[in-house]
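A quick write-up on the structure given underneath.
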Amino acid sequence: MFTFTLRRLILTIPTLLFISFVIFMIVKLSPSDPTGNLPLTIPPEVREQIREALGANDTLLVQYGRWLEQFFWIEPRVYLERSFGWDLGTEGEIRLLSYQTRSPVMDLIMQRMPQTLWVVGVAYLVGIAIALPIGVISAYRQYSVFDQVGTFVSMVGFSVPPFFSGVVVIVIFSVLISTDSMFWLPSVYDTTHQVTDWESFKYQFRQMIMPVMVLALQITAQISRFTRASMLDNLNQDYVRTARAKGVRERTVVLLHVLRNSMIPVVTVIALGIPSIFGGAIITEQVFKVNGLGQLLIIAIQGGDVPTVQTLTFIFAILIVLFNLIADVLYGILDPRIRYD
Amino acid sequence: MTDTPIEIRKPARSQWWDVWDQFRSHTGAFWGMVVFVIIVLAVLLGPFLWHIDPTYIDIRARNQGPSLAHPMGTDQLGRDTFARMMSGGRVSLAVGMTAMLLALVLGTLIGVLAGYFKRLDGPLMRLTDLFLALPLLPLLLVIIMLFREVLSARFGPEGGIFILMVSAIGITSWMQTARIVRGDVLALKEREFVLAARSIGTPNRRMVTRHVLPNVLSPIMVSATLGIATAIITESSLSFLGLGFPPDFPTWGRLLFDSVDYLQQSPARVIWPGMAISMTVLAVNYMGDGLRDALDPRIRGR
Amino acid sequence: MKLRTALMGAAAIMAAAPAFADGHEGERGRDGQLNIIYWQAPSTLNPYLSGGTKEVESASLVLESLGRFDNNGELVPWLAADIPTVENGGVAEDLTSITWTLKEGVMWSDGTPLTAADAVFTWQYCTDPAGGCAQASYFDGVEQVEAVDDRTIKITFNAPKPFPYTALVGAESPIIQAAQFADCLGANAPTCTDANFGPIGTGPFVVTEFKANDVIQFAANENFREAGKPAFSTVLFKGGGDAAAAARSVLETGEFDYAWNLQIDPTVLSDMASKGKGTVVTAFGTSVERLHINQSNPDPALGDARATIEEPHPFLTDTRIGQAMSMAIDRALLVEVGYGAGGQVTCNVLPAPAVYASTANDGCKTQDIAGANALLDEAGIVDSNGDGIREKDGIPLKVLYQTSTNAVRQDTQALVKQWWSEIGIEAELRNIDASVFFGGDPASPDTFQKFFADVEMYTNNFAGVDPEAYMANWRCSEIPSPATQWQGANMQRFCDPAYDALVDKLAQTAGIDARAAIVKEMNDMLMASYSIIPLIHRGGVSAHANSLGGIQISDWDSELWNIKDWYRAGE
């Protein structure tokens, strides 16, 4: 297993380089323009000058090469300098700059990391925490009332897009409930809020309720469906009958034997979902004004901000490759018969 | 058990009849199918009975609630919501089903190949990683820029954009299915019955179709159910971003999105498309459940 | 906590000073926090690096210019002591220079004095060719900016400039501090992130925190030149979400005090406003939603000659068809459905300022489908094969009608399509993502410059109050073509030598009345060509909490131009 992991890790480098190139070509070929969102009062000559100053007019290979250098060589050194106070000679080197803000992309990403992790990350944890028990119980008591209700709620939840459910909860909790009520929840997420004491923690908690609720609904629906299906497959297997016949306690049978063997698709879904925590949740962030990484990405796409889109997507790619590797390793642990060597 | 001897005397019937019998006796699946068929029929045949043009604007009748003339009310331009629901449903169902099938076929194929054949695993999974990493919106902008004119010229503006949408949604949503199927196949491959089958020299093709595929059916079914919902919703967010169907071309997703702003003024407008999407997804989900049960020989006949 | 202390402080001040009960006057910072929501978030606070409205308006809290346009479009002195004119000797007789005098004792927020050298530096900063300055057009024709003394700035032009109030006037070209930006000239401009995100200004507020594309926090400027202003001690400037959500947060939940650019269905907006928490305000500038009627042929079969002036359009060059298309449109209904208080019917591409507005074309204000049909019948453009679509010389009148993606525009498209179908013209609709449509990417077939369609719709306007540069957009030489990389502002490919002559004449004419006469003639000429069909004179729609006072929304400058005068009226 160790050599497998090592080999895969080494193999990820060319894979990621190739992915970064494909992403770059797509982002670059897509017809949006960094000056596209500027007012029409700005004349074309000025726009051309802006593009020139951004370096958006250089040849594709030059731009890609510059991005590689900035992402893999300059930015890591800048961050090393910052965290350890070393001098690695980055003074005067041009960092990886966003077209829209003209400021370093990595700083923008770092700035948005906390609110994204708070909202999307917590929603993911909440979603998993709710989904696994629901999936297990629904499968164990297939076609019971619990299962029927669970299925109904999760499928309706999944088929309602967040641009709708988000507005519904805002109308209920921010508009219809009066501002003085303890059930009132803020509809605008305050990213400048800092948790320093109990009061401010309570506020943070309140402002997170709605976005987390909306996001967790989707995640719960998805994971609980896969858990249920996979549990059902295993509950009828011979080994379950054998275990029961041996007199193993029902609890142990279900939670130890069946659940462990049912985890492979669940682990896959969870592992595929974790990168999307860092990718943010575009629509939910938009509805509640969380302004995390998802909002950064969509603004960058709409504004033709190539360096930001490229960097964000590439970080996303790294996470995908990494978590898929982790999933593969987990398969081996969950089912020792799976071997890759 | 007493029936067994009689059954033996009956003419041999294909196992698909057994599957159908089992499916029919599954209450959820049966009603799921009834609802689904009703929706499909309403959407396909409705326009022959209901003659209002979904794009016809009757500006004096705008923002109306349900009435005899307009059973589901009208929108902000006075277009008949009922007619728009039917014509939108055709597109949404078609997009949802086709994109789901495309994703399912691609995902299952790649998942099984990667899980079963060790040599293909590496390259196919790296390909999956690549697709997972692709940014959907810029990709769509590129696809539309490159292919819209070509396809429009050949299939007309609506047909062209339909093919674009379906293939774009399809080719960007198979990866999850592929990863899940592969994970399951990896585990299945080491199970005793597969080893047994291999030891008697079963060729690979039959191994896959006979032993592997039936056993990975449940995650595939779940993917399919979730896939329809995802495709319909993805289409709606694409319309919103201007990458989808032409603006005067209703779809359920678009109707839902457009009506969100009117949530407080006329809640009915939101409910129709929302309900249609949910009903379809639920119906397909129950059908999937029933099919899975029916195909599992251990449950069949229970 | 900070917020609460500030509010309590403000309450204490209010209680202690009953004389200022309605908050008009009093101590600086007495009214606590002001919450503003712009659903598009500012990406930088340096308006020279990004020309977007959101950046310009947020920066206008900090950076100021010599003169500003008030809510009536009148130029008022701001950092300057007065407005220079030919009469008071501030503008040279030959119109080639203008001399501004700064107010006395204006301080930057860091406590250093504002001098003429800062103005000179601002000019150098924006005109450095390597900097990619977004507001470079404000310095067009400026040959030299010099500091005559500490308080006197002389701007010299390379030709007579009848309207000299562009450079360093208005929200788009404010004065930045030379000391702060000294190392940021030219190619270094983007490396000065701290300066771009936190410019030092002379305005009523200073930046305390800037999160790009998310939120800005401001605090009152202790060195602001006017005593007792601003009334608010802090401003939270939040971005993100969409227009409907922004309106809701002011009009329904009351979480914010001011929301900008609320282009949503008017019935929804007025329902929200009826909750009694806030008020909707509008300001009209020069924005006109219009249709451009392609005078060139966009047929893909033409290859490289597609949509160029060499290939005239098979039927849209016929003014009778354009006229019928215009007559068939019920503009009042478009306003009612899509714009509400934020729109007015217009028949001119130049509806404001009032002195330039022509009245010759007002016939278009009422819809006349019968008249349009009669006009086409008379012209012999009839439906000869019975498919409901008229033909001109055997070519059916089918048009491709494109615009950017935006709910109101799509509704307008649907309505117009129906009206045109009633006069036998079939329209196919297309909407394109705004970043593609308005982006200048020469590789994309969907840009508004390429105009690979028959009709396109969008809004254009001009900044400030002088239409000279704007009217010059329709010269023959402004026609986009492959030779110019599809750059150019004459989208509909209108070309008339008589019009070009008027453009030249305008550039040499001084005096508002003489200029107005020429501009009206130009406007009428464009209207008579029916290559451009104005639909709606659009205004900026914003909403503010009822407790907020002193707002004078202006579309001629930043909406927040007088934020120093805003105050909190008692609940």
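The values are calculated or read from the model by the stated rules, or taken from the named source; none is laboratory data. All of these numbers come straight from a predicted model, not from anything done at the bench. All Cβ positions, even for glycine, are placed from backbone atoms using ideal geometry, and neighbour counts span all protein chains on display. Keep in mind that these areas ignore ligands, DNA and RNA; they rest on the heavy atoms of the full protein, side chains included. Shrake-Rupley method; radii C 1.70, N 1.55, O 1.52, S 1.80 Å.
Per residue of chain B, what 222 nm ellipticity follows from adding -39500 (n - 2.57) for every DSSP H run with n ≥ 4, rounded to the nearest 500?
When only DSSP H runs of four or more count, the value is -24000 deg cm²/dmol.
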Can you tell me what share of the DSSP beta bridges in the protein assembly as shown is antiparallel? A percent to the nearest 5 is fine.
75
Surface share of carbon and sulfur [accessible, 1.4 angstrom probe, percent] for chain C
52
Looking at the square roots a ≥ b ≥ c of the eigenvalues of the Cα gyration tensor of chain A, which shape do they give, rounded for a/c under 1.5, prolate if a/b is larger than b/c, or oblate?
oblate
Can you compute the charge dipole magnitude of segment C:459-571 about its Cα centre, using +1 on each Lys and Arg Cβ and -1 on each Asp and Glu Cβ, nothing else charged? Give it in debye, rounded to the nearest 20.
160
Of the GluC sites (Glu not before Pro) in segment A:71-129, which ones lie in a loop per DSSP and count no more than 16 other C-beta atoms within 10 Å?
A:91, A:93
Chain C: relative contact order as a whole-number percent, Cα under 8 Å and 6+ apart:
19
Residue-averaged 222 nm ellipticity for chain C, from DSSP H runs of 4+ at -39500 (n - 2.57), nearest 500:
-6500 deg cm²/dmol
Per residue of chain A, what 222 nm ellipticity follows from adding -39500 (n - 2.57) for every DSSP H run with n ≥ 4, rounded to the nearest 500?
-22000 deg cm²/dmol
If the cut-off is a Cα-Cα distance under 28 Å, which lysines reach residue C:417, setting aside same-chain residues fewer than 8 apart in sequence?
C:365, C:392, C:398, C:450
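Relative contact order of segment C:375-487, please, whole-number percent, based on alpha carbon pairs below 8 angstrom and at least 6 residues apart.
Computed over segment C:375-487, the figure is 22 percent.
Per residue, how many Å² of accessible area does the protein assembly as shown show with a 1.4 Å probe?
Counting only protein heavy atoms, the per-residue value for the protein assembly as shown is 39 Å².
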How many nm separate the modelled label positions at residue A:4 and residue B:155, each set 7 Å beyond the Cα in the direction of the Cβ?
4.1
Estimate the FRET efficiency between residue C:179 and residue C:443 by the formula 1/(1 + (r/R0)^6), using the beta-carbon distance for r and 45 Å for R0, to the nearest 0.05.
0.55
For the residue C:140, residue C:103 Cβ pair and Förster radius 22 Å, calculated FRET efficiency rounded to 0.05 is 0.25
Relative contact order (percent, whole number), chain B, Cα cutoff 8 Å, 6+ residue spacing
27
Quick check on segment C:339-436: of the DSSP beta bridges with both residues there, what percent are antiparallel, nearest 5%?
30
1/(1 + (r/R0)^6) with r = Cβ-Cβ of residue C:383 and residue C:163, R0 = 60 Å, i.e. FRET efficiency to nearest 0.05, evaluates to 0.75
In segment A:32-87, which chymotrypsin sites (Phe, Trp or Tyr not before Pro) fall in coil by DSSP and have 14 or fewer other Cβ atoms within 10 Å?
A:86
Considering only DSSP beta bridges whose two residues both sit in chain C, what percent are antiparallel, to the nearest 5?
75
Whats the longest run of chain A with zero trypsin sites (Lys or Arg not before Pro) that are DSSP loop and have at most 16 other Cβ atoms within 10 Å?
A:1-140
Is any residue of segment B:58-76 close enough, with backbone N under 19 Å, to a label point placed 7 angstrom from the Cα of residue C:332 along the Cα-Cβ axis, and if so, which?
B:58-62
Between residue B:190 and residue B:109, with labels modelled 7 Å along Cα→Cβ, what's the label distance in nm to one decimal, could you check?
2.9
Report, in listed order, any pair from A:202/C:211; A:28/B:118; C:505/C:564; A:28/B:189 with a Cα-Cα distance greater than 31 Å.
A:28/B:118; C:505/C:564; A:28/B:189
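For chain B, what ratio Rg/Rh do Cα atoms give with a Kirkwood hydrodynamic radius?
Rg divided by Rh gives 1.05.
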Give the separation of the Cα centroids, segment C:250-268 to segment C:305-333, in Å.
37
Which value, in debye to the nearest 20, gives the size of the charge dipole of segment C:468-529 about its Cα centre, when Lys and Arg are +1 and Asp and Glu are -1 at the Cβ?
100
Within straight-line cross-link reach of residue C:277, aspartates and glutamates at Cα separation under 20 Å, skipping those fewer than 8 residues along the same chain:
A:180, B:261, C:22, C:31, C:242, C:252, C:255, C:257, C:265, C:571
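Let me know the mean shielding of A:283-291 by other chains, meaning the per-residue number of their Cβ atoms within 10 Å of its Cβ.
Mean partner shielding for this stretch: 5.
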